[in-house]
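The values are calculated or read from the model by the stated rules, or taken from the named source; none is laboratory data. Here the structure is a predicted model, which is why all the values come from computation and not from measurement. Note that each Cβ is placed from the backbone with ideal geometry, even for glycine, and that neighbours are counted across all protein chains shown.
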Amino acid sequence: MKNRTVMLTLAVYLCASVALGTLDVAVLVASPTGSEAPGAVPVVVMLANAGDEPATVPRLDVKIAPSGFEAYRENVNVGVGGSQPVSMGVWNYAGGIETCTAWITYPEDTNHTNDTAVVIVGGGGVADRAEKELRSGMSIALWPSPMAGSVLHVEYGLSEAGPASIALFDIQGRAALTRDFVGTRTGQLSLSLSGLSGGVYIVRLSDGRSAVTRKLVVQR
C-alpha cells in the first residue's frame, strides 16, 4: 500500500511537471535577406526553441509569391534553448517585389504569435517584415517603410475572402484614411497618401471580427 501511494504521488508530480513545461518555437526567415540580385537565392528558415521543453515541429512550410516557390520539411527537432537552420532549397528570383512566408504546424505550441514570419523582398533587399496574428489568420505588411513618396503598398492576408477595411490613424488616434474593400484570401492594395503629413501612423486591417496593425513612419 505504501509503495502504491509513493507511485501515485510520483505520477501526480510528473504530470504536474509536464503541465508546467512550455513549448514555444519561433520562426525567422534567415534568407532571403540582404541585397538580392536576380538569380538563384538560397532559402533558409531558422527555428528557435524559446520554451523549456524539447520540440519536434511536425511541419515547416515556406511560400514565396508571386514566383510560386513552395517547400516544406517535416519533423524538425529543436533542442531546449537551441536553434535549427532549415534549408528549403533555391528560389529563382526574377526581380520585383516578392513576399516570403514561412510558418510551422505545431498545435501544442503555447505561443502562436511567433509561428509565422512574413518578409517582403525587393531588389534592394528586405523591404519589410510583417507581423501575423496566426489565431485570427490575418496579416499585414507595408512597403516602403519608412515612406517618403506618395504611394503605400499593402500586402494583406485575411482569415477568409470577403469584406475588409484598411484604416490609418495618427498617434492621437484620429483617422487619417479609411478604405473598404472586398478582399481575396491574400492580396495587395496601393494607397495614395500624397496629402499625408510626416509622422508616425498606425495602419489597421480589419475584417469586422479580428484586426491586425502595423506602424508606418511617413517622412516629409
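Pick out the one residue from S194, S190 that is loosely packed, with under 13 Cβ neighbours inside 10 Å, of a type outside the set (V, I, T) and in a strand (DSSP E or B). Walk me through how you get there before you give the answer.
On the way: S194 fails: in a strand (DSSP E or B).
None of the others qualify; the one that does is S190.
Could you check, for the stretch 77-86, whether at least one of its residues is of a type in the set (G, A, S), surrounded by fewer than 14 Cβ atoms within 10 Å (Cβ to Cβ) and either outside the structural domain of H112 (by TED's automatic domain parsing) or within 26 Å of G122 (Cβ to Cβ) (or both)?
The initial filter retains those residues of the stretch 77-86 that are of a type in the set (G, A, S), namely 79, 81-83.
With surrounded by fewer than 14 Cβ atoms within 10 Å (Cβ to Cβ) added as a condition, the list becomes 79, 81-82.
Of the ones still in play, those that are also either outside the structural domain of H112 (by TED's automatic domain parsing) or within 26 Å of G122 (Cβ to Cβ) (or both) are none.
The answer is no, given that none of the residues of the stretch 77-86 is of a type in the set (G, A, S), surrounded by fewer than 14 Cβ atoms within 10 Å (Cβ to Cβ) and either outside the structural domain of H112 (by TED's automatic domain parsing) or within 26 Å of G122 (Cβ to Cβ) (or both).
Which one of these does A148 not meet: (1) closer than 21 Å to G96 by Cβ; (2) surrounded by 11 or more Cβ atoms within 10 Å (Cβ to Cβ); (3) aliphatic (A, V, I, L, M)?
(2)
So which of R185, R214, R209 is under 20 Å from I97 (Cβ atoms), in contact with a Ser or Thr (Cβ under 9 Å, 6 or more places away or on another chain), modelled with pLDDT under 80 and not assigned by TED's automatic domain parsing to the domain that holds V62?
Numbers: R185 fails: modelled with pLDDT under 80; R209 fails: under 20 Å from I97 (Cβ atoms).
After applying the criteria, what remains is R214.
Within the set of pairs 6+ apart or on separate chains, which have a first residue in the stretch 73-93 that is touching a residue at least 60 places away in the same chain (Cβ under 8 Å), a second that is of a type in the set (A, V, I, L, M) and surrounded by 15 or more Cβ atoms within 10 Å (Cβ to Cβ), and C-beta atoms under 6 Å apart?
Y93/V41
What number of residues within the stretch 151-170 satisfy the criterion of being surrounded by fewer than 19 Cβ atoms within 10 Å (Cβ to Cβ) and in a strand (DSSP E or B)?
Of the stretch 151-170, the ones surrounded by fewer than 19 Cβ atoms within 10 Å (Cβ to Cβ) are 151, 153, 159-163, 165, 167, 169-170.
So of that shortlist, the ones also in a strand (DSSP E or B) come out as 151, 153, 162-163, 165, 167, 169-170.
Selection size over the stretch 151-170: 8.
Answer with yes or no whether S190 is touching a His at 6+ places or on another chain (Cβ under 6 Å) and free of Cβ contacts under 8 Å to residues at least 40 places away in the same chain.
Numbers: touching a His at 6+ places or on another chain (Cβ under 6 Å): yes; free of Cβ contacts under 8 Å to residues at least 40 places away in the same chain: yes.
Against the criterion (touching a His at 6+ places or on another chain (Cβ under 6 Å) and free of Cβ contacts under 8 Å to residues at least 40 places away in the same chain), S190 qualifies.
For the stretch 206-220, give me the residue count where each residue is touching a Lys or Arg at 6+ places or on another chain (Cβ under 8 Å) and aliphatic (A, V, I, L, M).
The qualifying residues number 2.
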